[in-house]
Amino acid sequence: MNGEAVVVLLIEDNDDHAELVRRQLADHRIANNLIRLPDGQAAMDFLLRRGEYSDPATSPRPHVILLDLRLPKIDGIEILKLCKESRSLCEIPIVILTTSEAEKDVSQAYWNHANSYIVRPVDYEKFRQLMNDLGFYWLSWNTTPAP
């Protein structure tokens, strides 16, 4: 991404899932700056730069958002809707990374303009490969508009 630090925003309430993502991105040397937020309210405060996240220097715009659906306070679909309706956030790619295979969840995500919907594999080796592929696609090969 033109030599700049790559910022990945992971919105995930499960500590184990978050740690797996962190490790895999680090192992593949993909994310220079992984920011993890454990609930939907913190995520929206970060993205809208409210409260403790009001300083742009400590709340950089992410290059991609990895979003779980089942979150405390504000769920993933609501975060997706709010981001895609926001002029300042709508261009950030949002990848749903969840355990839900429910057709309702998939449909809602795409109806609200998710850029991708990925069901997190249970098998560790498949998950490792998924994170490798995901990182390279969204953070290396995909071209996004300048902030």
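Some points to look at:
- This ranking places 7, 119 by how few other beta-carbon atoms lie within 10 Å of each, fewest first, which gives 119, 7.
- Residue separation of residue 128 and residue 26 scaled by 0.36 nm, minus their Cα-Cα distance, works out to 35.6 nm of gained length.
- Surrounding net charge for residue 128, when Lys and Arg each add one and Asp and Glu each subtract one, Cβ distance under 12 Å: -1
- Positive-pole candidate from 79, 135, 90, dipole of the chain, charges at beta carbon: 90
- Under 23 Å from residue 73, Cα to Cα: lysines that are on another chain or at least 8 residues apart: 81, 84, 104
- Contour excess over end-to-end distance, with Cα ends at residue 58 and residue 111 and 0.36 nm allotted per residue: 15.9 nm
- Once each of the trypsin sites (Lys or Arg not before Pro) sitting in a DSSP loop with at most 16 other beta-carbon atoms within 10 Å is removed, the chain keeps 88-147 as its longest stretch.
- In the chain, the DSSP-assigned H stretches of four residues or longer account for a calculated mean residue ellipticity at 222 nm of -11000 deg cm²/dmol, using -39500 (n - 2.57) per stretch and the full residue count as denominator.
Every read-out reported here was derived from the displayed coordinates using simple, explicitly stated rules and does not represent laboratory data. These figures come from a predicted structure and were not determined experimentally. Methodologically, a virtual Cβ is constructed for each residue, glycine included, from the backbone with ideal geometry; neighbour enumeration extends over all protein chains shown.
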